[in-house]
Amino acid sequence: MTKRVAVFISGGGSNMVQLLDSMTGDHPARACVVLSNDPGAGGLEKARTRGIATEVVKHQDFAGDRPAFEAAVTAALGPHRPDMICLAGFMRKLTGGFTDQWQGRMLNIHPSLLPKYRGLHTHARALEAGDTVHGCTVHEVTAELDDGPVLGQAEVRVLPGDTPDTLAARVLVQEHRLYPAVLRRFAAGDRTPVYLREGQS
Ligand code: GAR
């Protein structure tokens, strides 16, 4: 049966666009809603343009009460009946109460080769450490931040003269390849990790 996918965003939604555009034809999933914690997220309009329903649950309305925010998210999702969630640049931490509810049914993309560099500023940290290889990871979401079983990774070479911005741009290109590839496999019930390398077709 076709899986119904909710995509969560906080920003421009370039990964979301890749996911939405991948779910056509014989793909085992379809997007049912895009949800953002920020009404100004650029990705919302891109989702609407593609005919996908959108929901906004402003985290500021909950003044740091994460369970209350998550209860509102759950209520907003209800009518769309998602089977799974893809976090795509969703920049709010989720509590164990929410992640447990979606265990084995929620994916995230993170701009580092986990377990390296959980959290923020991953590109600057990779450069500071002198890494020669960096990249991105898609993983199942658990209660720990940027943790959980790895479902795919894409490697990017660090080049002489790279800045956090130039490196981020090349990692993003690989994010756009990796996330749709993992989602297609995962939605078909296959958790075998996908491994990609820059420059490889
Ligand atoms: C992406 O690089 C994604 O990996 C990162 O935010 C960006 C969102 O870009 N996510 C995280 O850092 C989550 N820990 P997008 O809105 O263009 O997809």
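Structure summary
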| quantity | calculated |
| --- | --- |
| Residue identified as within 14 Å of the ligand (Cβ to nearest atom), open to solvent by less than 50 Å² (accessible area, probe 1.4 Å), within 16 Å of the chain's Cα centre (by Cα) and not β-branched (Val, Ile, Thr) among Ala187, Ala154 | Ala154 |
| Test for Asp147: is it open to solvent by 50 Å² or more (accessible area, probe 1.4 Å) and assigned to a helix (DSSP H, G or I) | no |
| Selected residue (only one of Val17, Val56 is closer than 19 Å to Arg177 by Cβ and among the aliphatic types (A, V, I, L, M)) | Val17 |
| Options Thr74, Thr142; residue that is more than 16 Å from the ligand (Cβ to nearest atom) and β-branched (Val, Ile, Thr) | Thr74 |
| Residue count for region 7-43, restricted to those that are within 15 Å of the ligand (Cβ to nearest atom), open to solvent by less than 60 Å² (accessible area, probe 1.4 Å) and under 15 Å from the mean Cα position of the chain (by Cα) | 21 |
| Contacts under 8 angstrom Cβ, first residue in region 167-184 being more than 15 Å from Leu87 (Cβ to Cβ) and among the β-branched types (Val, Ile, Thr), partner near the ligand (Cβ under 10 Å from one of its atoms) and part of a helix (DSSP H, G or I), 6 or more apart | Val171/His123 |
| Residue selected from region 94-130 under the condition surrounded by 16 or more Cβ atoms within 10 Å (Cβ to Cβ) and small (Gly, Ala, Ser), by the criterion farthest from the ligand (Cβ to nearest atom) | Ala126 |
| Filtered residues of region 167-184 (kept if in contact with a helix residue (DSSP H, G or I) (Cβ under 9 Å, 6 or more places away or on another chain) and within 16 Å of the ligand (Cβ to nearest atom)) | Leu167, Ala168, Val171, Leu172, Glu175, His176, Arg177, Tyr179, Pro180, Ala181, Leu183 |
| Pick from region 89-107, criterion out of contact with any Asp or Glu (no Cβ under 9 Å at 6 or more places or on another chain) and hydrophobic (A, V, I, L, M, F, W, C), ranking: farthest from Leu145 (Cα to Cα) | Trp102 |
| Output for region 63-92, where each listed residue is within 18 Å of the chain's Cα centre (by Cα) and modelled with pLDDT under 95 | none |
| Condition check for Asp65: more than 13 Å from the ligand (Cβ to nearest atom) and either under 22 Å from Trp102 (Cα atoms) or open to solvent by less than 50 Å² (accessible area, probe 1.4 Å) (or both) | yes |
| Cβ-Cβ under 8 Å pairs, at least 6 apart or on other chains, region 108-124 side under 17 Å from Val150 (Cα atoms), far side within 10 Å of the ligand (Cβ to nearest atom) and of a type in the set (Lys, Arg) | His110/Arg118; Ser112/Arg118 |
| Strands (runs of 3 or more DSSP E) wholly inside region 44-143 that include at least 2 residues being farther than 23 Å from Val33 by Cα | 133-140 |
| Criterion: open to solvent by 30 Å² or more (accessible area, probe 1.4 Å) and within 14 Å of the chain's Cα centre (by Cα) - qualifying residue of Thr163, Thr142 | Thr142 |
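The values are calculated or read from the model by the stated rules, or taken from the named source; none is laboratory data. Remember, predicted model here, so these are calculated numbers, not experimental data. Every residue, glycine among them, receives a Cβ derived from its backbone with ideal geometry; neighbour counts consider all protein chains shown. For accessibility, only protein heavy atoms count, side chains too; no ligands or nucleic acids. Shrake-Rupley method; radii C 1.70, N 1.55, O 1.52, S 1.80 Å.
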